[in-house]
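One structure below.
Rule-based calculations on the coordinates, nothing more; no lab input. Owing to the predicted nature of the structure, the values given are computational and were not obtained by experimental measurement. As a convention, Cβ positions derive from the backbone with ideal geometry for all residues, glycine included, and neighbour counts pool all protein chains shown.
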């Protein structure tokens, strides 16, 4: 039999218009005490709805104070006991809900029995990231036009696996972590920080000043990745599938690299290419 969940102080707030699915009315609450009302509720843009076991547990392991609400299936209670006890101790509300409600809350069937509302971690500035960066080998990814959440999630998973130091986002890029991307990343979203760049020429100059070489990854016409001498401090610049990266940005890079293949297909998916690029950099270290 599943272990009974600890009592939960579900925070109650006046109902506000919300584009996301509302908490199911018939959900079972573990009500212990009425939590004090916070002075100011975070803006919706500051919150992110996560789903998936590894994605939620990664936030709990690294940033537990970011968790605002938790919904879970009854059969997840034993697995999530530490998180539930933390919720009770810190007066964070949770609800045990059924499978259909989890589908609605996550807007996905791939929730793995748990959904959480968490505070977003804001991107760092390039100057702050470089200032805290230790000396020695370091690899980062500059994402130019990558927008598919599943590609972003797969890139984050590979980046976490190979110890990438950051994802660099152009100044006006709309790219941001979503619940779908975090689930695909399987916890990797908490391991790789996002860094927001300023003007492109300034960002390139700052990276050069910190000893980085920039490598544009291109479908054809670049040096063979597997025979190239990759520097210890490297930024791979990745473009979106189809359009590729901005031509001016590619021209501003120090290297052009291509992944050789059989020619049976034009190229690899950007997330698969990222895994190959990172594996080669890691192998040479």
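Note on 46, 186, 266: ascending count of other Cβ atoms within 10 Å places them as 266, 46, 186, the fewest first.
Scoring 115-126, 146-157, 80-91 by mean Cβ neighbours within 10 Å over their residues and listing the highest first yields 146-157, 115-126, 80-91. Label separation (residue 81 vs residue 232): 4.7 nm, computed from points 7 Å beyond Cα along the C-beta direction. Under the rule a/c < 1.5 gives rounded, and otherwise a/b versus b/c splits prolate from oblate, where does region 124-284 land using the Cα gyration tensor? Rounded shape, in that the Cα axes give a/c under 1.5. Pull out a ≥ b ≥ c, the square roots of the eigenvalues of the alpha-carbon gyration tensor of region 49-111, then state rounded if a/c is under 1.5, prolate if not and a/b is larger than b/c, and oblate in the remaining case. Taking the square roots of the gyration eigenvalues as a ≥ b ≥ c, region 49-111 is prolate. Gain in length, residue 74 to residue 272, computed as 0.36 nm per residue apart minus the alpha-carbon separation, to one decimal in nm? The span from residue 74 to residue 272 would gain 67.7 nm if fully extended.
Neighbour counting of Cβ atoms within 10 Å sorts the residues 104, 171, fewest neighbours leading, into 171, 104.
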